[in-house]
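Presented below is the structure to which this report refers.
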There are 2 protein chains.
Amino acid sequence: MTVEHEPAAGRRAAVVCDRLLRALRLEPADATPVWFMRQAGRALPEYRAIKERCSLLEICRQPELCAEVTLQPVRRYGVDAAILYADIMLPLIGVGVELEIVENIGPVIAQPIRDAADLHRLRPLEPVQDVPYVLEGIRCTLGELRGSLPLIGFAGAPFTLASYLVEGRSSRDFARTKLLMYRAPDVWSELMERLAGIVSAYLLAQIRAGVHAVQLFDSWVGALSLDDYHRYVLPYTRSIFRSLEATGVPTVHFGTGTGGLLEAMRQAGGSAIGLDWRVPLDTGWERVGFDRAIQGNLDPLVLQAPWDVVRREAAAVLDRAAGRPGHIFNTGHGLPPATPPDQVARLVDFVHGFSRASRAP
Amino acid sequence: MTVEHEPAAGRRAAVVCDRLLRALRLEPADATPVWFMRQAGRALPEYRAIKERCSLLEICRQPELCAEVTLQPVRRYGVDAAILYADIMLPLIGVGVELEIVENIGPVIAQPIRDAADLHRLRPLEPVQDVPYVLEGIRCTLGELRGSLPLIGFAGAPFTLASYLVEGRSSRDFARTKLLMYRAPDVWSELMERLAGIVSAYLLAQIRAGVHAVQLFDSWVGALSLDDYHRYVLPYTRSIFRSLEATGVPTVHFGTGTGGLLEAMRQAGGSAIGLDWRVPLDTGWERVGFDRAIQGNLDPLVLQAPWDVVRREAAAVLDRAAGRPGHIFNTGHGLPPATPPDQVARLVDFVHGFSRASRAP
């Protein structure tokens, strides 16, 4: 793939609050940066009000509305980054895959991909034609942010996208996905190559539109053994990170249940590795290597606990990070709908205050 | 709890095939022992034939039938141990908890446990009165085995049992369970103490009835962070292993998704730690410590792959064990119903042959 008209890193708009970008470069900051996966969305009443009249796709397809939803958590929580409101399935919809995003279930694919004859449905992505509204949403959000905060773009990683395409919907055991891997390795590698191409084009387009960082969500890759990860996933994920290198834009590589995969995920790429709560942050970071940033890793359910539990568990995460530059505080997965917004705002204050105090001489 | 009439370890019936027991004592054996979680059950046509006329509970309540189902995989697969056909919910049914075991869903609890007022439903277990059929099933199976193979008994661990009792059925995020822990720590600790007492009495009764080893299934404990495991689970699990120590019977401590918990699970107890496939066996064993045995850890889905993939992935597990005494080959979780029995039998032969060859001078 030829990457044309790549903007130099320096051309990206500067931001006032640069904690996130400093952490991604392993530089010290005045406080630990904090944002949350799914911070834009279900936990916010102002989001649910919009959701009563618009579906997820309708929001994404209206750039002003997309920007509004993206900015709601920025206003409410005081986080250190905005993350574009979108869904990992958008580029697949862009290349013509028929799917629905069903409330409380997730993506449901009309005709799952099961063999070689299905692969033609995954043509290359032409971002400007296929997902113009995502790029417009980014520009609109950047306009609203006026350089106050960095904007994070994102995409689903090939394995996680493949799992939806093959299973037809979310799964507990990923049986069909793994059996495709094992039984038809050629179909699998072709599927993963096509997905890697789509994801790469999608992220490059987001970067061209101006996002300051991107996160690759390989949410379900923790279902695999290390050997299977190396054989069936790593080459494709690595090709995506390599294709982004020339842009200089920092990247986060995230998955859940990845306690057995951290070294391999580092190998695949990412300025930062995102951990879920199942790995203690200190040993997880040590395994990833202190020459990479680390993101995480409070159990998102904790935000529904009494405040003293939230504080205790958040302090434990920060203590394990030991004030080392390069820690981005986050939950270990998306915020559930039942998360009380006030607790999130209080947690952001706590993370800033606690980490600032720890840095004081 | 007073333990009466404890049989000395020496009184347990000797077995001809002692590979499993040798591995649990870290002693060398002629070949790596192998058995499978859920080896008795859904994958076998001779089991499904019985299941057409009897429910799981009806099988468990007829000792001869229970012994028959327990022995089916021994005949078919040539495994090195039998594991009693039973369900982790049996001791809870024994103390009067109303629940159903629903095909393809698992346990469904009529009235989930949600607060202090519900705890009285968990009275202490009196195994001889409450689960006589389990003990009779053990004696019957031992009679049929005639000392050819060891018989493994088992129980669910307090966290995993609690998760069913609190959620009411299986769960993906264990939200209610975690929120009970966080919001009502006193109720949680009382619940876990009662469950630990029940499990302990249940396993001691199985040991008195003659099982050669027991496995504690904490199948869902991998949902917790290390700090939460230490605070909310470890003391109760440890009390169970301590109560079994005087019997001298070896124990396996198993969970899935436990990549962040291995050192803590070792602390809680177990002659062996059971790993799922998400942790490479070599690094997992190193973290557990080579002074404990290790069990695992092939992805059970692999058994539905072509034979060359089964062989490759099984060899990778055996290579990671490096022929070190103390490895028990198993899948990383139960065999799925779609597992082809012929592949299982072939895998057993392969594990024996491969490991025997590796031991040859």
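What follows draws every value from the coordinates through simple rules; no lab data is involved. Predicted, not measured: the structure shown is a model, and the values here were computed from it. Note that we place each Cβ from the backbone using ideal geometry, even for glycine, and neighbour counts take in every protein chain shown.
Restricting the first residue to the range A:175-201 and requiring it to be among the aromatic types (Phe, Trp, Tyr), which pairs with a second residue that is surrounded by 20 or more Cβ atoms within 10 Å (Cβ to Cβ) and assigned to a helix (DSSP H, G or I) meet a Cβ separation below 6 Å and a spacing of at least six or different chains?
Going by the 6 Å Cβ cut-off, the qualifying pairs are A:Trp188/A:Leu180; A:Trp188/A:Met181.
Can you name the helices (runs of 4 or more DSSP H) wholly within the range A:58-159 that have at least 2 residues being more than 20 Å from the chain's Cα centre (by Cα)?
Those helices (runs of 4 or more DSSP H) span A:63-77, A:127-130, A:132-145.
For the range A:312-323, name all the residues that are surrounded by fewer than 16 Cβ atoms within 10 Å (Cβ to Cβ) and either more than 12 Å from chain B (Cβ to nearest Cβ) or in contact with a Leu (Cβ under 8 Å, 6 or more places away or on another chain) (or both).
A:Ala322, A:Gly323
Scanning the range A:204-216 for residues that are aliphatic (A, V, I, L, M) and either in a helix (DSSP H, G or I) or over 18 Å from the mean Cα position of the chain (by Cα) (or both), which turns out nearest to A:Ile328 (Cα to Cα)?
A:Ile207
Is there a residue being in contact (Cβ under 8 Å) with a residue 12 or more places away in the chain, within 21 Å of B:Phe217 (Cβ to Cβ), surrounded by fewer than 22 Cβ atoms within 10 Å (Cβ to Cβ) and more than 14 Å from chain A (Cβ to nearest Cβ) anywhere in the range B:290-307?
yes
B:Leu161 passes all but one of (1) within 14 Å of chain A (Cβ to nearest Cβ); (2) under 27 Å from A:Gly259 (Cα atoms); which number fails?
(1)
I'm trying to understand the selection: among the residues of the range A:269-288, which are touching a residue at least 24 places away in the same chain (Cβ under 8 Å) and more than 14 Å from B:Ser225 (Cα to Cα)?
Of everything in the range A:269-288, those that are touching a residue at least 24 places away in the same chain (Cβ under 8 Å) and more than 14 Å from B:Ser225 (Cα to Cα) turn out to be A:Gly269, A:Gly270, A:Ser271, A:Ala272, A:Gly274, A:Trp285, A:Arg287, A:Val288.
Taking the conditions exactly as written (surrounded by fewer than 24 Cβ atoms within 10 Å (Cβ to Cβ), more than 13 Å from chain B (Cβ to nearest Cβ), over 26 Å from A:Arg48 (Cβ atoms) and not aliphatic (A, V, I, L, M)), does A:Phe350 satisfy them or not?
no
Pull up the range A:161-198, narrow it to residues that are out of contact with any Gly (no Cβ under 9 Å at 6 or more places or on another chain), among the β-branched types (Val, Ile, Thr) and more than 16 Å from A:Tyr229 (Cβ to Cβ), then point me to the one that is surrounded by the most Cβ atoms within 10 Å (Cβ to Cβ).
In this case the residue turns out to be A:Val166.
Matching residues to (1) in a helix (DSSP H, G or I); (2) within 22 Å of the chain's Cα centre (by Cα); (3) closer than 12 Å to B:Tyr182 by Cα:
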{"position": "A:Gly270", "(1), (2), (3)": "no, yes, no"}
{"position": "A:Val279", "(1), (2), (3)": "no, yes, no"}
{"position": "A:Asp282", "(1), (2), (3)": "yes, yes, no"}
{"position": "A:Asp291", "(1), (2), (3)": "no, yes, no"}
{"position": "A:Asn297", "(1), (2), (3)": "no, yes, no"}
{"position": "A:Val309", "(1), (2), (3)": "yes, no, yes"}
{"position": "A:Ala316", "(1), (2), (3)": "yes, no, no"}
{"position": "A:Asp319", "(1), (2), (3)": "yes, no, no"}
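Residues B:Thr237, B:Thr247, B:Thr283: which one is surrounded by fewer than 22 Cβ atoms within 10 Å (Cβ to Cβ), among the β-branched types (Val, Ile, Thr) and more than 14 Å from chain A (Cβ to nearest Cβ)?
Among B:Thr237, B:Thr247, B:Thr283, only B:Thr247 is surrounded by fewer than 22 Cβ atoms within 10 Å (Cβ to Cβ), among the β-branched types (Val, Ile, Thr) and more than 14 Å from chain A (Cβ to nearest Cβ).
Taking B:Val344, is it surrounded by 19 or more Cβ atoms within 10 Å (Cβ to Cβ) and either within 14 Å of chain A (Cβ to nearest Cβ) or in a loop (DSSP other than H, G, I, E, B) (or both)?
no
Has the range B:126-142 got at least one residue that is more than 22 Å from B:Leu65 (Cβ to Cβ) and either in contact with a Gly (Cβ under 8 Å, 6 or more places away or on another chain) or in contact (Cβ under 8 Å) with a residue 12 or more places away in the chain (or both)?
yes
Just one of B:Leu142, B:Leu216 is touching a His at 6+ places or on another chain (Cβ under 7 Å) and under 20 Å from B:Cys60 (Cβ atoms); which is it?
B:Leu216
A:Ser219: closer than 26 Å to B:Leu262 by Cα, small (Gly, Ala, Ser), within 13 Å of chain B (Cβ to nearest Cβ) and not in a helix (DSSP H, G or I), yes or no?
The answer is yes for A:Ser219.
Restricting the search to the range A:324-336, which residues are over 18 Å from the mean Cα position of the chain (by Cα) and not basic (Lys, Arg)?
Scanning the range A:324-336 gives a single hit, A:Pro325.
Does B:Gly259 satisfy the condition of being surrounded by fewer than 22 Cβ atoms within 10 Å (Cβ to Cβ) and out of contact with any Phe, Trp or Tyr (no Cβ under 9 Å at 6 or more places or on another chain)?
The answer is no for B:Gly259.
Out of (1) closer than 23 Å to A:Gln206 by Cα; (2) buried (at least 19 other Cβ atoms within 10 Å of the Cβ), what's the single condition that is false for A:Glu126?
(2)
Take the residues in the range A:22-47 that are in contact with a strand residue (DSSP E or B) (Cβ under 9 Å, 6 or more places away or on another chain) and among the basic types (Lys, Arg); name whichever of them is surrounded by the most Cβ atoms within 10 Å (Cβ to Cβ).
Here the residue is A:Arg38.
Looking only at residues that are in a helix (DSSP H, G or I), within 14 Å of chain A (Cβ to nearest Cβ) and not hydroxyl-bearing (Ser, Thr, Tyr) in the range B:222-234, which one is surrounded by the fewest Cβ atoms within 10 Å (Cβ to Cβ)?
B:His230
Which of the residues belonging to the range B:250-268 are in a helix (DSSP H, G or I), within 14 Å of chain A (Cβ to nearest Cβ) and either more than 24 Å from A:His230 (Cβ to Cβ) or out of contact with any helix residue (DSSP H, G or I) (no Cβ under 7 Å at 6 or more places or on another chain) (or both)?
Within the range B:250-268, B:Glu263, B:Ala264, B:Met265 qualify.
In this structure, is A:Thr339 over 25 Å from A:Ser200 (Cβ atoms), within 14 Å of chain B (Cβ to nearest Cβ), touching a residue at least 60 places away in the same chain (Cβ under 8 Å) and polar (S, T, N, Q)?
yes
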